[in-house]
Amino acid sequence: MFLKRLSLAGAAAVMSTAAIAADLPAPIIEHVPEIPAPAAVGGGFYLRGDIGYKIYGDPTQEYSDTTLGDIRYDRESLDDTWMIGVGVGYKFNKYFRTDLTIDYEAAAEAVGYVECAHPCGSTSRDTADIDVWTVMLNGYVDLATWNKITPYVGAGIGAAYVNTSDFYSGSPTTPYQFDGSNGEWNFAWALMAGASYAVTNNFAIDAGYRYKDLGEAKTTILHNVGSKDSRMEYKDLTAHEFRLGARYTFGGGAAAAPAYYPSGPISSNF
C-alpha cells in the first residue's frame, strides 16, 4: 500500500512539472557569428636586395678636342654587365610604397670606331671601361593581388656616379693606353614594372624590369694627343635591367583580431 501511494505521488509530481513547463515560453538562443580570420597588415618598413643583368643601349661617342674639333665615332656599343643593389623602403598601404636604393653596376667595355686622324687607309678601334653607382628614390603602385602575386609599376629619380677608366686607342699609327680614370655625377631617372610573390606576410620575391637613363660619361684629359683639353665623351647612356630581388617587411604579419561583442547573452526569458 505504501509503495502504491508513493508511485501515485511521483506520477502527480511529474504531471504537475510538465504542466508548469508547458506554460513557459521557449528559450531564445541568439546566434553568435564566427570571428573572421585576422587581416594582413598593409604597411611597414622593408629592406630589399637585388641582383640583375644589364643591357646597355648604344651610346653616342665623340672625341672632344678644341684643335681638331669634335670627332664623331661609328658603330658604338657598350657591353652587357651585371648589377647588385640594396635599399630601404616603406609600404604605406596595399597600393603604394616607396624606397631608396643604391646600386652598383659593374664595368662594361665601350667600343667605338673612327677614321684615322691622318688618312691611313684604316680605322681606330677605341675602348674604355665604364662602371656606375646610382642612388634612386623610387615610388611604386601595387595594382592588385591574385594568388599572392602582385604586379606593379613605378618610377624613380636620383643621381648616377659614372666612372670611365682604362681608355685605349687602337689607332694603327699611334696606339696608346691611358690608365687614368674620371668620374662625374649625373641626373638619373628610371621606369619600372614587375611582379612580386608573397612567400609569407613578411617576405616577398620580386622579379622586375627597369629602364634607366644615366646621363653621360667622360674620360680623363688625354694629355698626349690633341689639345690640352681633349677627352672622349659617351653620351646618352641608357640601360635595360632585368632584376631579381627579395623584400622583407617589418610588421607585415597578421593583425590582431577585432574584439566581438554580441548584442546580448543567451536568454531563456525566464
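Bear in mind that the values in this text are calculations on the coordinates, not laboratory data. Just so it is clear, the structure is predicted and the values come from calculations on it, not from any experiment. Cβ sites come from the backbone with ideal geometry, for glycine too, and all protein chains shown count toward neighbours.
Please list 3J(HN,Hα) in residue order for the stretch 84-96, calculated via the Karplus relation 6.51 cos²θ - 1.76 cosθ + 1.60 where θ = phi - 60°; whole Hz, with x for glycine and proline.
9, x, 9, x, 10, x, 9, 9, 6, 7, 6, 10, 10
Compute the FRET efficiency between D70 and E184 as 1/(1 + (r/R0)^6), taking r as their Cβ-Cβ distance and R0 = 30 Å, and round to the nearest 0.05.
For R0 = 30 Å, the calculated efficiency reads 0.95.
Cross-link list K94/K148; K148/K212; K54/K218; K54/K148: which exceed 24 angstrom alpha carbon to alpha carbon?
Too far apart for the 24 Å limit: K148/K212; K54/K148.
Pop a pseudo-label 7 angstrom from the Cα along the beta-carbon direction at both T238 and V86 and give the gap in nm to one decimal.
Between T238 and V86, the simple spin-label model gives 3.2 nm.
How far apart, in nm, are two points set 7 Å out from the Cα along the Cα-to-Cβ line at A106 and at T145?
3.5 nm
Taking the Cα atoms of the stretch 44-249 alone, what are Rg (to one decimal) and Dmax (as a whole number) in Å?
In order Rg, Dmax, the Cα atoms of the stretch 44-249 give 20.5, 67 Å.
May I ask you to compute the full-extension gain from L47 to F250, defined as 0.36 nm times their residue separation minus their alpha-carbon distance, rounded to one decimal in nm?
That works out to 72.2 nm of additional length.
Based on the Cα gyration tensor of the stretch 153-218, what are the three equivalent ellipsoid semi-axes, each the root of five times an eigenvalue, rounded to whole Å and given largest first?
39, 14, 11
So if each residue of separation counts as 0.36 nm, and I subtract the Cα-Cα distance between D79 and D166, what length gain in nm does that give?
That pair, D79 and D166, stretches by 29.8 nm at full extension.
Efficiency by 1/(1 + (r/R0)^6): what FRET value for E115 and I205, r their Cβ-Cβ distance, R0 = 41 Å, to the nearest 0.05?
Rounded to the nearest 0.05, the efficiency is 0.20.
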